[in-house]
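Worksheet for the structure shown next.
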Amino acid sequence: MLYGKFESNTFVPAPYYLHIRNTYVFNPTDEQYMCEGYKPLVNTAMPEPPEGYTYESHWEEQEDSIIQAWTLVEAPPEEPTSEEILSILLGGTS
Amino acid sequence: MAENDANRIINQPSDLELLPGDVVMVDSSTEGTRQFDLGTALTDLKGDIGDLSDLETEDKSSLVGAINEAAQSGGGGGTSPSPYTSNPSSLGTASAGLSSKYSRGDHVHPMPSASDVGALPSNTVIPSKTSDLTNDSGFITSAPVTSVNGNTGAVTLNADDVGAETAITEVTIATDGAVTQALAQNTWYHFTGDLTSLTVTASAPTAGRYQFDFISGSTAPTLTIPDSWTIPNQFIIEPNARYKIVVEDGFMYLNKWSDNHSPFTYVDMNSGAYTLNTSGVTAGNVYSNIGTEIVSLNFSAVKPKSQISNNGRLKVCDISADTKALIGKTYISGSMFVGATGKVTEVIFNTWDAQPIIEIHNSTGGAIAANTSIDGTIYILRTI
């Protein structure tokens, strides 16, 4: 299970060890993570975007977890292939 | 003395004056009544005593006086001795003496001197303490060693005091589940159980040496250590592995190896002790399970053989005391070691001509160039 938390509205993934009461704890338990303010990360599948769009991932804090959420954005234009670039440089049609 | 009447008999004379010719009757309870002629008796007695004028003593008035004089003079005849009136002679060599005089009973000899009896003079100083003596024999007057390695008094030396290697006691703890253990110095703990969590404490975390190893099973256990230990970078406990952790004066060093394999140990070529611990290594499978790190090794940064300047051994030099254990060691391919963060300034690795070139890789498979700094992460030596 992965954990994270929000600090000043910024998502912070949990480190691989915690500093708890004069100790370093490696592979902390779920309880230890949650006692330190971390919440479990819940991954979700990206929805199927419409034509010309895509989704960008971000994290949204819930009461007991932090869920992966998706924002629909316009898809960036596709990069020309090497062949297309070569054709343009040679004056051909694309 | 007057003549008495003839045949006068006198009984029990008392104060009666006796005259020659008197017959004296003596009534004795033991001898009965006896009688004798006084005149005859006196004649006999006179004969027995002798003529007082014949005495050679000065006192001739009576026999008693003569006897007393003789007694006082020690008897004998001749001139009567006189007492010695001078002081008695001092003590000396035994001698019969020549004086004809007698000594008086209360005479006193002079007190002998110390020399007379071979004694020391009365003013002789008798030593009462050792400092009064002259130490002409060279006896030790102060401790030749006042302290040993800072210890004074009744010193008990330990291995550190004489620079000896401290014996390591090995302890195996096979408990499964959650285990908490207070670590003792110079003790190697083997946690061989199926751990869900391991919590270790140390009484003096930043001093001395602690070491332990444990098995990370299919699920990596939670490891809790003192935060005063300086941990190496990228210290991640993964499942299905075995970890050995050594803490020297608060610096934590890590060895990780597969659960099925013992780690490769370095060979100290300097000492000539070419010992390689291969116990537990599966034949023919020496390197394949060391860890995922070597899967993506990058061999592109091989140090050219022509640049190797010092044949003979892999050498790590110019490092601080915290990583001094690396000095002079020869590391074989597959060995892992941990550099202390910020402590290592330079690593030079050389090898010998007839052997493959060895390079150092970090935990992500990247090759480390020679003469570059390393940090506290895990490094692996690989044969090219």
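Against the numbered list (1) within 13 Å of another protein chain (Cβ to nearest Cβ); (2) more than 28 Å from B:PHE235 (Cβ to Cβ), A:THR54 comes up short only at (1).
Close Cβ contacts (under 9 Å, 6 or more residues apart or on different chains) running from residues in segment B:192-203 that are under 15 Å from B:SER218 (Cα atoms) to residues that are charged (D, E, K, R) comprise B:THR192/B:ASP213; B:GLY193/B:ASP176; B:ASP194/B:ASP176; B:LEU195/B:ASP176; B:THR196/B:ASP176. Restricting attention to segment A:44-61, the residues that are surrounded by 10 or more Cβ atoms within 10 Å (Cβ to Cβ) and either free of Cβ contacts under 8 Å to residues at least 12 places away in the same chain or assigned to a loop (DSSP other than H, G, I, E, B) (or both) add up to 4. Listed here are the strands (runs of 3 or more DSSP E) enclosed by segment B:120-235 that have at least 2 residues being within 12 Å of another protein chain (Cβ to nearest Cβ) and more than 44 Å from the chain's Cα centre (by Cα): B:195-202, B:209-216, B:222-226.
Considering (1) under 15 Å from the mean Cα position of the chain (by Cα); (2) within 14 Å of another protein chain (Cβ to nearest Cβ); (3) more than 30 Å from B:THR206 (Cβ to Cβ), the lone condition that A:ALA14 does not fulfil carries the number (3).
Identify all residues within segment B:83-111 that are among the aliphatic types (A, V, I, L, M) and touching an Asp or Glu at 6+ places or on another chain (Cβ under 8 Å); write none if there are none. Passing the criteria: only B:LEU91. Among the numbered conditions (1) surrounded by 11 or more Cβ atoms within 10 Å (Cβ to Cβ); (2) in a loop (DSSP other than H, G, I, E, B); (3) free of Cβ contacts under 8 Å to residues at least 40 places away in the same chain, the only one that B:MET111 does not meet is (1). With respect to B:ASP106, determine if the residue is touching a helix residue (DSSP H, G or I) at 6+ places or on another chain (Cβ under 6 Å) and part of a loop (DSSP other than H, G, I, E, B). No, not satisfied.
Might you check whether a residue that is within 30 Å of B:PRO221 (Cα to Cα) and touching a residue at least 24 places away in the same chain (Cβ under 8 Å) occurs anywhere in segment A:73-92? No: segment A:73-92 contains no residue that is within 30 Å of B:PRO221 (Cα to Cα) and touching a residue at least 24 places away in the same chain (Cβ under 8 Å).
Here the condition is being under 28 Å from B:SER103 (Cα atoms) and either surrounded by 10 or more Cβ atoms within 10 Å (Cβ to Cβ) or at pLDDT 75 or above (or both); of B:ALA41, B:ALA66, it holds for B:ALA66 alone. Only one of the listed residues (A:GLU48, A:GLU31) is more than 14 Å from every other protein chain (Cβ to nearest Cβ) and of a type in the set (D, E, K, R). That residue is A:GLU48. Among the numbered conditions (1) more than 21 Å from the chain's Cα centre (by Cα); (2) more than 14 Å from every other protein chain (Cβ to nearest Cβ); (3) within 30 Å of B:SER228 (Cα to Cα), the only one that A:THR23 does not meet is (2).
The values are calculated or read from the model by the stated rules, or taken from the named source; none is laboratory data. None of these values were measured; they are calculated from a predicted model. Don't worry about glycine lacking a Cβ; one is built from the backbone with ideal geometry, like all the others, and counts go over all protein chains shown.
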